[in-house]
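Undergrad: Mind looking over this structure? Questions follow.
The values are calculated or read from the model by the stated rules, or taken from the named source; none is laboratory data. Since this is a predicted model, take the numbers as computed values, not measurements. Positions of Cβ are generated from backbone atoms using ideal geometry, with glycine treated the same way; all protein chains shown enter the neighbour counts.
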Amino acid sequence: MAGRVGLVTSDFIISFMWVWSGALIKLFVYNFMGLGSQPRGEIIKGCLSILSMFVFAWLSKISKGGSYNPLTLLSPAISGSFSGFLFTACIRIPAQVLGSITGVKFILQTFPEVGHGPRLNVDLHHGALTEGLLTFVIISISLGLAKNSPNSFFMKTWISSVSKLALHILGSDLTGGCMNPAAVSSHFILLHLHL
């Protein structure tokens, strides 16, 4: 039981931190360094994003499974036991969404110019199809890496983070490139329901 409480707590904290890391990277590159959308600024933002993905992979490892992305939890939950599925779907994923909502709420209060979330630049159907395809590719890569190289932390994290960054860049012109439903739903909930 203590292990499950620890997982839920780490899901909440890691989701909170994940939302903040993206905002702080943008603030650092755009405001502090003053690079805006220059190619050099985008390269620095990409490098910092990869570094933050390594930090979050390490946090997931030391928390024994804490995560910021509900999609990485769902696939093992679906293929596992029914009680594990219920625990993931009813407790862990809502904890991640609450962590993201709390993070976005604090970002909007602290740095209102940063916390606007992803923007959909195409119609809803194309955006959903694009995000679904990008997410499917990321989950396939993550599951393939977990199955084929379970002990190689550095190589697995490197391949996963570079793949996520590449797919984020490919999809960002259309959908804002946010493949994390907890982060997207938290922005939507706070900005449209005025919590």
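Undergrad: Checking Trp58 against (1) aromatic (Phe, Trp, Tyr); (2) touching a Leu at 6+ places or on another chain (Cβ under 8 Å); (3) surrounded by fewer than 16 Cβ atoms within 10 Å (Cβ to Cβ), which single condition isn't satisfied?
TA: Against the list (1) aromatic (Phe, Trp, Tyr); (2) touching a Leu at 6+ places or on another chain (Cβ under 8 Å); (3) surrounded by fewer than 16 Cβ atoms within 10 Å (Cβ to Cβ), Trp58 comes up short only on (2).
Undergrad: A further question on this structure: Quick one: which residue in Phe28, Phe82, Phe56, Phe87 is in contact with a Lys or Arg (Cβ under 8 Å, 6 or more places away or on another chain) and not β-branched (Val, Ile, Thr)?
TA: Phe87
Undergrad: Name the pairs: first residue in segment 142-171 and farther than 13 Å from Ser52 by Cα, second residue surrounded by 12 or more Cβ atoms within 10 Å (Cβ to Cβ) and of a type in the set (S, T, N, Q), Cβ to Cβ under 7 Å, at least 6 apart or on different chains?
TA: From segment 142-171, the pairs are Ser142/Thr72; Ser142/Ser160; Leu143/Ser75; Leu145/Ser160; Met155/Ser149; Lys156/Ser149; Gly171/Thr130.
Undergrad: Across segment 127-143, what is the total count of residues that are over 30 Å from Met155 (Cβ atoms) and modelled with pLDDT under 80?
TA: Residues in segment 127-143 being over 30 Å from Met155 (Cβ atoms) and modelled with pLDDT under 80: 2 in total.
Undergrad: I need the full set of residues from segment 1-34 which are at pLDDT below 90 and among the polar types (S, T, N, Q), in order please.
TA: Within segment 1-34, Ser21, Asn31 qualify.
For every residue, the table says whether it meets (1) surrounded by fewer than 17 Cβ atoms within 10 Å (Cβ to Cβ); (2) of a type in the set (S, T, N, Q); (3) under 19 Å from Phe111 (Cβ atoms).
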site	(1), (2), (3)
Gly6	yes, no, no
Phe16	no, no, yes
Gln38	yes, yes, no
Ile44	yes, no, yes
Leu51	yes, no, no
Gly65	yes, no, no
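Undergrad: Moving on. Could you grab me the full set of residues in segment 70-80 that are of a type outside the set (Val, Ile, Thr) and either part of a helix (DSSP H, G or I) or in contact with a helix residue (DSSP H, G or I) (Cβ under 7 Å, 6 or more places away or on another chain) (or both)?
TA: Pro70, Leu71, Leu73, Leu74, Ser75, Pro76, Ala77, Ser79
Undergrad: All but one of (1) surrounded by 17 or more Cβ atoms within 10 Å (Cβ to Cβ); (2) modelled with pLDDT of 80 or more; (3) of a type in the set (A, V, I, L, M, F, W, C); (4) within 16 Å of Phe16 (Cα to Cα) hold for Val114; which doesn't?
TA: Among (1) surrounded by 17 or more Cβ atoms within 10 Å (Cβ to Cβ); (2) modelled with pLDDT of 80 or more; (3) of a type in the set (A, V, I, L, M, F, W, C); (4) within 16 Å of Phe16 (Cα to Cα), the lone unmet condition for Val114 is (2).
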